[in-house]
Amino acid sequence: MHRFFVPVLIAFCALPLFGQNLLNNPGFENSSSWLKPAYWAGKFSIVKPGLTGKSCGELKAAREGKAFYGRCYQLARIDSPWGRRFSYSMKARGSGELYLGCLEYTKDSQDKIVSKLIYSAPLVLKKEEWQEIKMNIQSTEPTLIRFAPLIEVRGENAAAYLDEGSLVYSPAPGAAMSVSPAHLVAEDGKPLPEVAFRLTENGKPVPDAALKAFLGGKLQDSATDRDGRFVVRPGDKDSELLVSAVKYGVAADVFIDRLSPAAWNRTDGLARKIKLEKPVSILYLGDSLSDFERGRNYADKVNFWLNRYHPGKAAFRNAGVGGDYITRVRQRMIQGGAYRQEQYDRLLETPYDYIFIFLGHNDTRCLSTKNYEVPQVTPEEQKTAYREVIGHLRKHSKARIVLVSPTSSNFEVCKQSADKQKALDKVHALFGQPAMLEAFDAVLRQLAEEENLDYLDVYAPMKNEAEKAALFSPSDGVHLTEAGNRFLTDLFLEYLASPK
């Protein structure tokens with residue numbers, strides 16, 4: 001086993017897949033995902049039969065003031081929605097008028113989150129005949145945070161039966177926008193390099209195309225040059241650049257991470273030690289710590305630093321899925337039919353050099369119904385599932401497999417979150433128990449030894465970090481802050497710089 005214990009390093013202060021249905025529970029097979037808040041009129045339920053499946057959704061109108069309506073929505077997870085075009089559709093029958101729409105969440109001048117309802121044209125429902133209703137969703141609101149697809153039926157005694165929902169990324173055929181660098185890390189006080197956006201159609205540059213660009217805190221009109229490029233140098237206060245070719249339904253953004261001189265010198269020193277004799281490709285398998293903050297998380301930062309001294313030689317795929325644990329990774333990789341199965345589409349067709357497996361945060365969560373004593377994945381289940389995943393990876397890839405320990409969560413915050421749910425008498429999970437995380441880590445160490453795999457310890461460095469609380473979200477104690485992602489970046493770079 002090649003074991004890498006990384007010393008404590010002090011931390012200083014993604015895109016939708018084409019054709020992938022971004023709705024959760026689009027066939028209304030159960031009541032999950034579709035929400036009907038009490039402050040909206042109407043009633044939502046699941047009834048049988050459906051158009052194609054065993055069931056469908058039923059949305060009934062009710063009176064509110066002088067209006068009769070029923071409305072439901074869902075918080076579909078959509079990475080980087082700004083400027084991109086999405087096609088939203090639904091099959092429906094019933095009575096009354098049906099509207100599709102979305103809740104657009106933005107920030108006002110006081111940085112408060114506000115929402116706005118946007119609707120499609122109405123569809124007059126037919127009692128027995130299923131019809132399709134469609135709309136496009138595309139927003140270039142500068143402060144867009146996210147949007148949530150909704151359904152609304154209107155009319156006295158109106159009722160809509162719903163099935164085969166779809167929300168897909170829908171750019172013009174062959175259109176794509178790229179940006180280089182994809183993530184920019186800069187030293188405070190130093191000039192920033194240029195960032196180049198490029199619009200193509202079927203692989204060919206699109207010249208003189210109209211663009212919407214959010215730069216320097218302002219939305220402005222611009223256009224591509226004759227090579228299909230739009231080049232800009234970020235300003236001193238820019239933290240993100242956004243560019244959209246609205247007509248083509250595509251957009252690209254780049255996050256800018258600014259480091260203090262001390263932090264820059266430390267991470268830059270690690271990057272300088274890494275020698276890439278040939279191009280390197282990395283696959284990350286993980287949970288929400290890999291899946292969240294795409295475009296600016298540790299995987300993006302590692303890629304920036306690898307390419308800083310080896311331009312164009314490093315590439316990666318982040319196949320992290322929020323909520324994942326090793327048994328679900330096994331299902332998605334080997335058996336199929338798992339939650340967000342599409343994240344593993346053609347997973348091992350690329351000849352990777354490294355595959356990092358970074359899990360443990362959901363595997364070790366414990367339910368209140370079991371007195372917080374039984375983890376989601378028991379040690380025996382962990383051993384079995386990891387061995388099967390490792391065997392599958394070895395069969396289909398020659399990559400070096402690296403087992404990464406879980407982080408050392410901020411358990412005080414995790415417990416506070418659980419205590420709030422306990423006070424409300426709700427079934428809930430407790431994350432981040434040190435004993436559970438350390439038991440999971442012990443199994444990883446054993447597996448690395450027995451399977452002759454590399455092991456990367458991020459648990460101990462985070463546990464011993466003097467400013468540990470700054471590494472984790474103050475709201476849940478598990479997810480990483482910008483400082484936490486920087487901290488992890490240094491640990492991964494330290495590993496990649498180590499002699500093999």
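Can you tell me which condition residue 417 does not meet? The list is (1) touching a helix residue (DSSP H, G or I) at 6+ places or on another chain (Cβ under 8 Å); (2) under 29 Å from residue 481 (Cα atoms); (3) not hydrophobic (A, V, I, L, M, F, W, C), and all the others hold.
With respect to (1) touching a helix residue (DSSP H, G or I) at 6+ places or on another chain (Cβ under 8 Å); (2) under 29 Å from residue 481 (Cα atoms); (3) not hydrophobic (A, V, I, L, M, F, W, C), residue 417 is out only on (1).
For residues in region 61-90 being closer than 24 Å to residue 173 by Cβ and either in a strand (DSSP E or B) or not assigned by TED's automatic domain parsing to the domain that holds residue 145 (or both), which is nearest to the chain's Cα centre (by Cα)? Show your work before the answer.
Step one: of region 61-90, the residues closer than 24 Å to residue 173 by Cβ are 76, 78-90.
Next cut, either in a strand (DSSP E or B) or not assigned by TED's automatic domain parsing to the domain that holds residue 145 (or both) only: 86-90.
Values: 86: 17, 87: 20, 88: 20, 89: 23, 90: 25 Å.
Filtering first and then ranking leaves 86.
Output the residue which, of all residues in region 178-223 that are basic (Lys, Arg) and farther than 17 Å from residue 142 by Cβ, is surrounded by the most Cβ atoms within 10 Å (Cβ to Cβ).
Of everything passing the filter in region 178-223, 198 is surrounded by the most Cβ atoms within 10 Å (Cβ to Cβ).
Cβ-Cβ below 6 Å, separation at least six or inter-chain, first residue in region 359-386 and at positive phi, second crowded, with 24+ Cβ neighbours inside 10 Å and assigned to a loop (DSSP other than H, G, I, E, B): which pairs?
360/406
Hey, among 328, 332, 226, 308, which residue is assigned to a helix (DSSP H, G or I), surrounded by fewer than 18 Cβ atoms within 10 Å (Cβ to Cβ) and more than 16 Å from the chain's Cα centre (by Cα)? Before the answer, list the steps.
Values: 328 fails: surrounded by fewer than 18 Cβ atoms within 10 Å (Cβ to Cβ); 332 fails: surrounded by fewer than 18 Cβ atoms within 10 Å (Cβ to Cβ); 226 fails: assigned to a helix (DSSP H, G or I).
Answer to the check: 308.
If you go through region 250-272 one residue at a time, do you hit one that is assigned to a loop (DSSP other than H, G, I, E, B) and not polar (S, T, N, Q)? Spell out how you get there, then give the answer.
The first filter runs over region 250-272 and keeps only residues assigned to a loop (DSSP other than H, G, I, E, B), leaving 260.
Still in the running and not polar (S, T, N, Q): none.
No, region 250-272 has no match at all.
What's the total number of residues in region 98-126 that are closer than 18 Å to residue 164 by Cβ and not in a strand (DSSP E or B)?
Total meeting the criteria: 3.
Which members of region 189-223 meet the condition of being outside any loop (DSSP other than H, G, I, E, B) and among the aliphatic types (A, V, I, L, M)?
Of everything in region 189-223, those that are outside any loop (DSSP other than H, G, I, E, B) and among the aliphatic types (A, V, I, L, M) turn out to be 195, 196, 199, 210, 211, 213, 215, 219, 223.
How many residues, within region 150-188, are in a loop (DSSP other than H, G, I, E, B) and polar (S, T, N, Q)? Spell out how you get there, then give the answer.
Filtering region 150-188 down to residues in a loop (DSSP other than H, G, I, E, B) leaves 170-174, 181-182, 188.
This time we only want the ones that are polar (S, T, N, Q), so: 170.
Residues in region 150-188 being in a loop (DSSP other than H, G, I, E, B) and polar (S, T, N, Q): 1 in total.
Got a sec? Which of 372, 325, 354, 339 is at pLDDT below 95 and among the hydroxyl-bearing types (Ser, Thr, Tyr)?
Working: 372 fails: at pLDDT below 95; 325 fails: at pLDDT below 95; 354 fails: at pLDDT below 95.
The unique qualifying residue is 339.
Against the condition of a type outside the set (Gly, Ala, Ser), surrounded by 16 or more Cβ atoms within 10 Å (Cβ to Cβ), outside any helix (DSSP H, G or I) and within 24 Å of the chain's Cα centre (by Cα), how does residue 437 come out, does it pass? Spell out how you get there, then give the answer.
On the way: of a type outside the set (Gly, Ala, Ser): yes; surrounded by 16 or more Cβ atoms within 10 Å (Cβ to Cβ): yes; outside any helix (DSSP H, G or I): no; within 24 Å of the chain's Cα centre (by Cα): yes.
No; evaluated as a whole, the condition is false for this residue.
The values are calculated or read from the model by the stated rules, or taken from the named source; none is laboratory data. The shown structure was predicted, so the numbers you read here are calculated from the model rather than taken from an experiment. Positions of Cβ are backbone-derived with ideal geometry, glycine not excepted, and every protein chain shown enters the neighbour counts.
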